[in-house]
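Laboratory data are not the source of any read-out in this text; all were calculated from the coordinates shown. A quick note: this is a predicted structure, and the numbers were derived from the prediction, not measured. Because the Cβ atoms are built from the backbone with ideal geometry, glycine has one as well, and the counts that use them run over all protein chains shown.
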Amino acid sequence: MVATCYLLGVSTRRMDKLVETLGITGLSKSQVSVMAKELDTAVEAFRTRPLDAGPYTFMAADALVLKVREAGRVVNVHALIAVGVNAEGYREILGIDVSTAEDGAGWLTFLRSLTARGLSGVALVTSDAHAGLLSAIGATLPGASWQRCRTHYATNLMAITPKSSWPWVKTLLHSVFDQPDATSVAAQYDRIIDALADKLPKVADHLEAARSDLLAFTAFPKQIWRQIWSNNPLSVNRPSGDTNLTAA
């Protein structure tokens with residue numbers, strides 16, 4: 001219980017009051033630290049375990065910005081996360097690492113650590129268009145295709161679309177992903193670009209440039225499209241001001 005409370009960010013003073021209800025008195029910071037070390041051991045074992053359930057045909061990668069307590073200060077860190085689909089068809093957290101910045105060096109180190117642990121057989125990586133991440137994917141997973149996350153892409157497209165036109169553009173974009181097969185997806189993509197070309201040429205050009213990356217999912221079976229065209233399940237929004245994490 002003490003280790004769990006520590007993980008949730010409960011202060012030592014509040015912890016002391018909590019355990020008093022269980023008949024325990026005088027819980028010190030050092031005692032809490034010793035109990036919490038059990039978590040460190042478990043986390044390290046998880047983060048360094050062999051990735052031997054492959055091939056991991058599909059992988060999603062993302063970075064979450066979190067506030068943590070570090071040396072008495074609250075700072076932002078980036079949690080780099082990769083989730084893969086193993087040989088049995090189940091999602092598995094492949095790895096997580098903490099970096100001070102979401103840059104190419106951080107992603108390269110992270111993905112290299114995954115391949116060193118046995119990551120193999122990746123055919124498709126789904127992520128946003130972060131340049132450092134894309135470079136790291138190319139360097140460590142040269143045989144993998146890249147799927148640009150449709151959710152992140154929609155945010156990028158919205159940024160260049162007039163506010164009054166976004167509901168229309170959003171509806172057109174969503175219609176691409178409602179098609180029954182790859183041929184229909186490509187045809188609908190052509191239609192929405194044609195529909196936008198005169199009124200919103202900048203938006204049409206943006207869509208044209210993103211075509212191959214946004215439609216990479218169509219090379220795979222229809223029944224798994226929803227699982228591979230976005231990495232959105234990884235993009236968890238933490239409440240603002242949530243500092244219940246302690247940096248490793």
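General observations
- Projected label points at Lys67 and Ala210, each 7 Å from Cα along the beta carbon direction, are separated by 3.0 nanometres.
- Residue exposure proxy: Tyr153, Tyr90, ordered by other Cβ atoms within 10 angstrom of their Cβ from fewest to most, comes out as Tyr90, Tyr153.
- Legend: P(r) of segment 150-216 from all alpha carbon pair distances, 10 Å bins from 0, whole percents, reading 21, 62, 17, 0.
- Segment Lys163-Val75, length gained on full extension (0.36 nm per residue, minus Cα span): 28.3 nm
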